Amino acid sequence: MMAAEGPILAAILARLAEPKQNLAAYGVAIAIAMLVEAPIIMVMSAANTLVVDRRSYRTLRDFSFALDALVTLFMGLVAIPPVFAELASLLALPEAVASRTWTATVLLLPWPGAIGYRRLYQGILIRSGTTRLVAYGTVIRLVTMALTGVVLALATRLEGASIGAASLSAGVVAEAIGSRWMAREAVASLRDSERPALGWGEVARFYYPLAMTSLLNMGIQPIVTFFAARGRMPIESLAVLPVVNSLVFLFRTFGLAGQETFIALDSEGREPLRRFAYVLAAVASGGLALIGWTPLAHAWFEHVSGLTPFLAGISVWPTRVLALMPALTVWMCWQRATLVTTRVTGPVTAATAIEVGSVALVMMAGNALGAMGILSAAFALTVGRLASNTYLMRPGRAALAQSAQQRNPVE
């Protein structure tokens, strides 16, 4: 449901005035917001793993609130006109795109803090077993976002990029409020225990590699935007990038949801989870391939997303190239869950650094060869993720072996 917001907003923006420029600006603003929010993304996994009693909840709550304040402050700094002008120059944004991107960035100021707030309480809900409430929160977000987008499109003269950003902010703020309210019983059920108190130092040591992982991972989208703006057909590539990304993300969410499932149910046995992961990967990538390699692609991009036939045609091959990404995401989340549950989080950061470096190198090569920016991006994202998966194979096996030895020491 969360992934549905991208196609919905892209469909609204594509039907408003100057869709190419507004879709491009919206995509760049989202890339900036995602990079800023990166340090607080893994709060959900931290809450799922660390919140075991009242004291650990209070420690992680205060820690995450401090992070929320910092990322919101940083988002405000990015939105200062002289700072943003330098960023737009670095990204080589055309003036028509840059001005719209700045307005959208300002409207996304509530985004990072609200994301961190709701992920804290969603992690607690997952740990308590009330995962349906997480889905209810996403319904609140999706409905609020869609209604805001439709109302602003019909009743105001705001440009498309601004409508998209305002709708996203409204949706995530509503979800954050709803998640806190729905988590009230789970929080109230936490009791004091005899466990050693969880301190900020311990939280920081556990969380730092995860935060760096998210920061590097979220940096992929700005890197893709940066090189796509310098490749062949830059405005067209930037325009279809959020549309293609939103479709791919729709299928990648199967794996992303799997990560928290693998963490929460690890104690129930790994073999059933492994079989589930195989099925999940096949269904997710199979669904995306079905769209990318059949006439459904043009139906999606033209009739659902509202792109012109020309832009829809540009979107087809990148989607086909990215058909493996959902399966690779399931694999990545399986590997990350293994390392998080065994509290060996360092290799996750190294793997993400490899992914980011691979994406940058492939996109540089694509631009040098004169490839269209969006097609270079599709190849780069696939190669980068595969490199990351490959690197994590060895640390994952070592962490499992160490965990098994600790549970069953040789006498």
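Worth a mention:
- Alpha-carbon Rg with Dmax, taken over the stretch 246-355, Å: 16.4, 51
- Relative contact order (%) - criterion: Cα under 8 Å, at least six apart; region: the stretch 1-200: 35 percent
- Label-point separation, Arg54 to Thr130 (7 Å along Cα→Cβ), nm: 1.8 nm
- Three principal axis lengths of the stretch 305-352 [C-alpha, angstrom, descending]: 49, 17, 17
- Which of Thr319, Thr341 has the fewest Cβ neighbours within 10 Å, and the rest in rising order: Thr341, Thr319
- Dimensionless Rg over Rh [the stretch 1-83; C-alpha; Kirkwood]: 1.12
- Residues Ser189, Ser246, ranked from the fewest to the most other C-beta atoms within 10 Å, line up as Ser189, Ser246.
- The chain: radius of gyration and largest Cα-Cα distance (Dmax), Å: 21.0, 74
- FRET E, pair Thr156, Leu77, Förster distance 30 Å, beta-carbon r, rounded to 0.05: 0.60
- Here the spin labels are modelled as points 7 Å beyond Cα on the Cα-Cβ line, and at Val283 and Tyr208 they lie 4.0 nm apart.
- Residue-wise HN-Hα coupling along the stretch 332-347, computed from phi with Karplus coefficients 6.51, -1.76, 1.60 (Hz; x: Gly, Pro): 4, 5, 4, 5, 5, 4, 4, 6, 5, 5, 8, 6, 10, 9, x, x
- From phi via Karplus (6.51, -1.76, 1.60), per-residue ³J(HN,Hα) for the stretch 50-64 in Hz, x at Gly/Pro: 9, 7, 10, 7, 5, 5, 5, 4, 5, 5, 5, 4, 5, 4, 6
- Computed from the alpha carbon positions, the gyration tensor of the stretch 186-323 leads to an equivalent ellipsoid with semi-axes of 39, 22, 13 Å, biggest first.
- Pairwise Cα separations in the stretch 219-411 fall into 5 Å bins from 0 onward with the following percentages, short to long: 1, 8, 15, 17, 17, 14, 10, 7, 5, 2, 1, 1, 0, 0.
- The Cα atoms of the stretch 1-200 define a convex hull whose projected area, averaged across directions, is 11.4 nm².
- 3J(HN,Hα) from dihedral phi, the stretch 236-248, Karplus parametrisation 6.51/-1.76/1.60, rounded to Hz, x for glycine, proline: 4, 5, 5, 5, 8, 4, x, 6, 5, 4, 5, 5, 5
- Judged by the mean number of other Cβ atoms found within 10 Å, the most tightly packed of the peptides 382-388, 326-332, 109-115 leads the ranking 326-332, 109-115, 382-388.
- The chain, relative contact order [Cα under 8 Å, separation at least 6], %: 22 percent
Computed from the coordinates by the stated procedures, all read-outs in this text should not be read as laboratory data. The structure presented is a predicted model; accordingly, all values stated were derived computationally and were not measured. Positions of Cβ are backbone-derived with ideal geometry, glycine not excepted, and every protein chain shown enters the neighbour counts.
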